[in-house]
1. Measuring from label point to label point, each 7 Å out along Cα→Cβ, what is the residue 135 to residue 23 span in nm?
2. Taking the number of other C-beta atoms within 10 Å as the exposure measure, put 413, 465 in order starting with the fewest.
3. With the Cα gyration tensor of the chain in hand, give its eigenvalues times 5 under a square root as the equivalent ellipsoid semi-axes, listed largest first in whole angstrom.
4. Relative to a virtual label point 7 Å from the Cα of residue 440 in the Cα→beta-carbon direction, which members of the range 323-347 show backbone nitrogen distances below 20 Å?
5. Determine the alpha carbon to alpha carbon distance for each of 177/459; 401/473; 177/409 and list only those over 22 Å.
6. Which of the trypsin sites (Lys or Arg not before Pro) found in the range 196-290 are in a DSSP loop and have at most 10 neighbouring Cβ atoms, other than their own, within 10 Å?
7. Taking 0.36 nm per intervening residue step and subtracting the Cα-Cα distance, what contour gain separates residue 373 from residue 34 on full extension?
8. Given a Förster distance of 30 Å, report the FRET efficiency between residue 2 and residue 126 from their Cβ-Cβ distance, rounded to the nearest 0.05.
Amino acid sequence: MIVDRAFLQVWATGLAGLLLSVAIERFLHPRPRLFRPVKAWLLHICLWSLCYAIFVILLGRPWCAFVAVSAILITLTIVSNAKYKNLREPFIAQDYDYFLDALRFPRLFLPFLGLKKFCLAALFFALALLGFWSEEPPASRFSLQSQLGGALLLLLSAATLLWRQRNHISLAAFDPKENLQALGLLPSLWLYALASRTLPHARSPFTAATAAATRPLPHLIAIQSESFFDARNLFAGIRSDVLQNFDALRMEAVCQGPLDVPAWGANTIRTEFSFLTGIAAQSLGVHRFNPYRAVLRGWSVDALPLFLKSLGYRTICIHPYWGNFYGRTCVLPRLGFDAFLDIGTFQKALRTSAYISDMEVAKKLLALLKESTEPLFIFAITMENHGPLQLDHIPDMEIEKFYSTLPDKIYSDLDTYLYHLKNVDTMLSMLHTTFNKLSLPVSLCFYGDHVPIMPDVYKDLRDPDDVPYILWKNQCAHDITQQASYDSTILSTAQCLSVHDLALTWLLKNNIFIQC
């Protein structure tokens, strides 16, 4: 078969695009290695060629397709670098819905990308659009000896090779940083997407759990505090009384210490899921990056709320944000929650910057306790500390209240974070005082889900420590007050925990005996 110039142009332009894609990868952080497995290079070539061939068939303009696919790769590079800077993790296939979320919740996502980078990505798509209008498709566009034939041959070749590479999921160790360096961006995205087709096989310890609980059952209050950690460890000039009530609660705790969590800066649901199910993130494979998506697809998993319901608890989740974010409206009932109170419950509540204040969440929590005639398990997910901190405008904020010595450099995000941290401390004080006045037993589990996003602060000062947790009981606090011989070092001794062990430890400390 004799082919014409348009047939060959498809392949020549595609080769130029492949070479450019390798150059674009050099701007990734961390940078992929040029010396990588042959299978990884085959995946890269096949994936780029497949996308390019589809664009050629749809548009009939090879150079426009060249620019369009390159623009997509450049956008992925920009997004991946922004994510790595803020979250220390490159872009992965499980992040695909964040593009839609960026449109639905722009304040939550776009500031981390940056206006300049957003405009740069938009520029390449504008060039692709310009190319669409300026490049004329050949007259024989739909001939098998012309452009269509060249594009179909490239498409079938890439698809066939890609199909033969479908069993190479083992190349991915589900360590995003290592996989990006060892395999490249496109192969990593592809392998992560393939691996997510199957559901997890991990089992929750609550599946085989039995319990004999003492009576009366205590109210169980868990607070997952957004981006909470002890910022005083960053800089010696931060005043210790920023978290004085947190310190007091920690001294009365039955157990407290550093908590190992599977998230950094964001991705709250990773910590959330491990706490609620008792499943270690590492045992989930690729699903550890967004376990709620597996639940939405039909994965049935036992969890703390389901277990507590079997003991007679009413289970309630409070989260002052949109319930459809991460699919919580559908996921949480499947985990055993009787009720989910999202932002619709806080229509007239006080906001601190863009989010509902932690104090408002505490007031809602206490109102539920006051009205209840049955033991409650309340899981509250706060939002006040959530970034982007640089966008918060706190009127009349007196930063002198947070520092004994000001840092050499102005960190507006750290100042804002300390303001919110002080509000968390005030909330803990109110809960502490109120719970101590109750005659019924109340147990509090308080922990941070991850550290906040403050890359410049960490770069100049120091990396943050682990997030903390506290397990506290009001009856224990009563006993402490009444016993003069109490030695505070016994109950306040730090115990390191992983978040998937936190709920089990909490139940054991409340004499809800578990046998797995």
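Each reported figure results from applying straightforward, stated rules to the coordinates on display, with no laboratory input. Predicted model only: the values in this text are computed from it and were never measured. In this analysis, Cβ positions are derived from the backbone assuming ideal geometry, glycine residues included, and neighbour counts consider all displayed protein chains.
1. 1.6 nm
2. Listing 413, 465 from fewest to most nearby Cβ atoms yields 465, 413.
3. One finds semi-axes of 50, 26, 19 Å for the chain.
4. Zone members listed by number: 337-341.
5. 401/473; 177/409
6. Passing both the DSSP loop test and the Cβ count: 197.
7. Computed gain between residue 373 and residue 34 is 115.6 nm.
8. Approximately 0.20, to the nearest 0.05.
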